[in-house]
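Step one of this worksheet: look at the structure below.
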Amino acid sequence: MTRRGDGLNRTASPSTGAPHGSRIRVRPPTSADQREFVRSARASQPLHSPWTVAPSTPLAYRTYLDRMAQPGNVALLVCRRDGGEIVGVVNLTNIALGAFRSAYLGYYAFSGHEGQGLMREGLEAVVRHAFRALKLHRLEANIQPDNVRSLGLVKACGFQQEGHSPRYLKIRGRWRDHERWAILAS
């Protein structure tokens, strides 16, 4: 399905072309995921603090789905191939087409799945999807300098540091510095 002429195919599967034997698949979230997602987000609050705030109520989840359904956004769940359990989330936001062909990338794992390489597989699948199916040229991830695990993930996926942005995003009521990391289509 293509929305409002934005040229973004939301039904294309990012797991297409995933490495053989991959432990994950990537798919869009649905309203049927609400219970598992909210439960996982609540259980993951200590893991996410102070880096991000995942939707942890039914209303917050529905608001998230509505926001991500807007043109220029693509939400994807990273799920275990065996059993389908949600491992984490990768969001592409502020997608710009035309000459820029770029998007911002946000992501988080859910507790119990971190440190296993599952989000790396998921992020690599989403990067391939963004470059091949969505025909983007650039993805940018903005990460707080103390978020060592997130920095390690983007480094492992081939992102390069481009700079430092003081007081870049307001998270949990505070303006926080971020490092800018980007990857370009080859």
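Could you check the stretch 135-168 and list, in sequence order, the residues that are aromatic (Phe, Trp, Tyr) and at pLDDT 95 or above?
Residue satisfying the conditions is 159 alone.
Okay, residues lined up against (1) out of contact with any His (no Cβ under 7 Å at 6 or more places or on another chain); (2) loosely packed, with under 13 Cβ neighbours inside 10 Å; (3) closer than 13 Å to residue 106 by Cα:
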{"residue": "126", "(1), (2), (3)": "yes, no, yes"}
{"residue": "137", "(1), (2), (3)": "yes, no, no"}
{"residue": "140", "(1), (2), (3)": "yes, no, yes"}
{"residue": "153", "(1), (2), (3)": "yes, no, yes"}
{"residue": "164", "(1), (2), (3)": "yes, yes, no"}
{"residue": "172", "(1), (2), (3)": "yes, yes, no"}
{"residue": "186", "(1), (2), (3)": "yes, yes, no"}
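Could you list, in sequence order, the residues of the stretch 174-184 that are crowded, with 16+ Cβ neighbours inside 10 Å and among the aromatic types (Phe, Trp, Tyr)? If you could, list the steps in order and put the result at the bottom.
Our first condition is that a residue be crowded, with 16+ Cβ neighbours inside 10 Å; within the stretch 174-184, this holds for 176, 178-183.
Residue satisfying the conditions is 181 alone.
For the stretch 51-58, state whether one or more residues are over 21 Å from residue 141 (Cα atoms), of a type outside the set (Phe, Trp, Tyr) and surrounded by 16 or more Cβ atoms within 10 Å (Cβ to Cβ). Explain how you work it out, then say what you get.
Restricting attention to the stretch 51-58, the residues satisfying the condition of being over 21 Å from residue 141 (Cα atoms) are 56-58.
Narrowing further to those that are of a type outside the set (Phe, Trp, Tyr): 56-58.
Add one more test, that the residue is surrounded by 16 or more Cβ atoms within 10 Å (Cβ to Cβ), and what stays is 56.
Within the stretch 51-58 (the criterion being over 21 Å from residue 141 (Cα atoms), of a type outside the set (Phe, Trp, Tyr) and surrounded by 16 or more Cβ atoms within 10 Å (Cβ to Cβ)), the answer is yes, since at least one residue qualifies.
Keeping to the stretch 156-181, report how many residues are in contact with a strand residue (DSSP E or B) (Cβ under 8 Å, 6 or more places away or on another chain) and outside any strand (DSSP E or B).
Summing the residues that are in contact with a strand residue (DSSP E or B) (Cβ under 8 Å, 6 or more places away or on another chain) and outside any strand (DSSP E or B) in the stretch 156-181 gives 3.
The values are calculated or read from the model by the stated rules, or taken from the named source; none is laboratory data. What you see is a predicted model, and the numbers here were worked out from it, not measured in a lab. Ideal geometry is used to build each Cβ from the backbone, glycine not excepted, and the neighbour counts take in all protein chains shown.
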